[in-house]
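First, the structure itself, so that you have it in front of you.
The values are calculated or read from the model by the stated rules, or taken from the named source; none is laboratory data. Here the structure is a predicted model, which is why all the values come from computation and not from measurement. Here Cβ is always computed from backbone atoms with ideal geometry, including for glycine, and neighbour counts include all displayed protein chains.
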Amino acid sequence: MQLFSNNASTTLNGVINNVVTSIVVANGAVFPSPGTDYFLLTIIGLDVNGIENAWEIVKVTARSTNTLTVVRGQEGTAAASWPHAATIQLRMTAGAENATEAHKNNTSNPHNVTASQVGLGAVNNTSDANKPVSSAQQTALDLKANLVSPSFTTPNLGAATADSIDAPIYLNPREITADFTVGSAYNAASVGPITISDGVTVTVADNATWSIH
């Protein structure tokens with residue numbers, strides 16, 4: 001992991017060439033102690049007017065008081081020779097910023113966060129095709145016809161009797177074998193032909209009608 005420290009700046013304590021990997025600074029305490037991590041420093045060159053005109057980024061992998069173990073020439077800069085008292089600072093670099101941006105955009109769970117850590121311990125990743133269907137849902141689905149080659153069952157409407165006034169379909173026998181009276185509050189209809197057995201009487205009350213179709 002890359003380490004940072006605010007306003008960390010000091011100077012080189014001695015001249016260095018372009019190959020040394022151990023650098024002594026005036027005050028190493030301003031920098032982090034990397035352990036198994038690291039931090040980046042920028043060595044800065046100035047022109048005669050004190051304006052920055054040269055830079056080398058080094059990767060610090062260890063620090064013992066004021067002595068730094070470094071990897072030279074990082075992020076496209078070249079290892080160079082530097083004079084005594086050259087400024088060396090912990091600065092934000094393009095590489096560090098790009099790494100931060102890449103980490104932010106990483107959607108492959110780089111920190112191995114678990115569902116329980118974000119309050120989703122009871123949630124699983126079952127696909128829609130494998131999600132269970134409740135008994136009530138299955139019962140409702142079983143009542144639906146297939147979209148392809150559906151089959152339908154004709155409901156049993158039952159056989160209507162002569163007094164089944166609420167039945168949607170009236171089924172009447174072709175022969176009336178018992179006396180029957182159409183009350184004055186009703187109109188009656190039969191599908192003919194109709195035969196009335198001997199000795200049987202059909203009575204149509206006043207204000208009632210009986211139609212044979």
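Quick one: residue 23 ticks every box in (1) in the same structural domain as residue 88 (by TED's automatic domain parsing); (2) under 51 Å from the mean Cα position of the chain (by Cα); (3) assigned to a loop (DSSP other than H, G, I, E, B) bar one, so which box is it?
Exception for residue 23: condition (3).
A further question follows. If we scan region 88-101, do we find a residue that is in the same structural domain as residue 55 (by TED's automatic domain parsing) and more than 43 Å from the chain's Cα centre (by Cα)?
yes
Results for (1) within 43 Å of the chain's Cα centre (by Cα); (2) free of Cβ contacts under 8 Å to residues at least 60 places away in the same chain; (3) surrounded by 14 or more Cβ atoms within 10 Å (Cβ to Cβ); (4) under 22 Å from residue 97 (Cα atoms), shown as yes or no for each residue.
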| site | (1), (2), (3), (4) |
| --- | --- |
| 12 | no, no, yes, no |
| 15 | no, no, no, no |
| 37 | yes, yes, no, yes |
| 46 | no, yes, no, no |
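Somewhere in region 104-125, is a residue under 23 Å from residue 4 (Cβ atoms), modelled with pLDDT of 85 or more, part of a loop (DSSP other than H, G, I, E, B) and in contact with a strand residue (DSSP E or B) (Cβ under 8 Å, 6 or more places away or on another chain)?
no
Checking residue 20 against (1) closer than 19 Å to residue 94 by Cα; (2) surrounded by 13 or more Cβ atoms within 10 Å (Cβ to Cβ): exactly one of these is not met. Which one?
(1)
Cβ-Cβ distance below 7 Å, separation of 6 or more or different chains: which pairs start in region 73-86 with a residue that is exposed (fewer than 15 other Cβ atoms within 10 Å of the Cβ) and end on one that is hydroxyl-bearing (Ser, Thr, Tyr)?
85/11
So, one more: Please determine whether any residue of region 153-174 is farther than 20 Å from residue 206 by Cα and at pLDDT 80 or above.
Yes; the residues of region 153-174 include at least one that is farther than 20 Å from residue 206 by Cα and at pLDDT 80 or above.
Could you say whether any residue in region 63-71 is under 50 Å from the mean Cα position of the chain (by Cα), surrounded by fewer than 15 Cβ atoms within 10 Å (Cβ to Cβ) and not in a strand (DSSP E or B)?
Yes, because at least one residue in region 63-71 is under 50 Å from the mean Cα position of the chain (by Cα), surrounded by fewer than 15 Cβ atoms within 10 Å (Cβ to Cβ) and not in a strand (DSSP E or B).
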